[in-house]
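Bear in mind these aren't lab numbers, they're just calculated from the coordinates by the rules spelled out. From a predicted model like this one, the values you see are computed outputs, not experimental measurements. For neighbour counting, all protein chains shown are included, and Cβ atoms are generated from backbone atoms with ideal geometry for every residue, glycine included.
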Amino acid sequence: MFILDTDHISLLQRRDAAVSARVLLTPAVELATTVITVEEQLRGRLARIRRACNDAEVVRTYRSLLATLVFFQTITVIPFDESAQAIFNRLRVQRPRVGTQDLRMAAVALSQEATRVTRNRQDFAGIPSLQIEDWSSTEAEGSGH
């Protein structure tokens, strides 16, 4: 299974050529994202709605929110469950140089024995046993960490 990070979900939503091509080559049952990515995107959309300054911007930001909700109906969203929480707690004790949300996403990937698809190699590279790939380049090489 491949779990797309928030950065790859955003690229996919913007129809990035490299990410879109790789997603099309991957069976849908092997693609997923996490509920943490859903949270991050919804927070961003809601913040834009609150900052909207005129009618056109309000309409545009609500349209973006709706498109995001519709998008997440098209991909498997993996929950942050007890297994992921236990892995998160073990990882946090190691004090990796990774933000809380990224560490939660890594914990989900590890709990699912999945590959994390992200451009954020530097942060995730320090997490033992985490498999990462970057589909945003045409090379899209795997990196077995």
- Task: Just add up the charged neighbours of residue 48: K/R +1, D/E -1, any other residue whose Cβ is under 9 Å from the Cβ of residue 48.
- Result: +3
- Taking the chain as a Gaussian network, where each spring joins two C-alpha atoms under 10 Å apart, which residue of 107, 32, 21 fluctuates the most? 21
- Using a Gaussian network model of the chain whose springs link C-alpha atoms within less than 10 Å, name the residue from 82, 113, 133 with the highest mean-square fluctuation. 82
- Query: When the chain is modelled as a GNM with alpha-carbon springs shorter than 10 Å, which of 51, 15, 97 fluctuates the most?
  - Reply: 51
- Item | Residue-averaged 222 nm ellipticity for the chain, from DSSP H runs of 4+ at -39500 (n - 2.57), nearest 500 | -17000 deg cm²/dmol
- Distant-in-sequence amide H partners of residue 31 (H built 1.01 Å from N, under 5 Å): 2
- Task: Would you work out the relative contact order for the stretch 2-144, in percent, from Cα pairs under 8 angstrom that are 6 or more residues apart?
- Result: 29 percent
- Note on the structure: extent check for the stretch 2-144: Cα max minus min per principal axis, descending, whole Å, gives 48, 33, 25
- Item | Local electrostatic count at residue 126 - Lys and Arg +1, Asp and Glu -1, tallied over other residues with Cβ under 15 Å | +4
- Note on the structure: Quick note on 81, 134, 5, ordering by fewest other C-beta atoms within 10 Å, gives 81, 134, 5
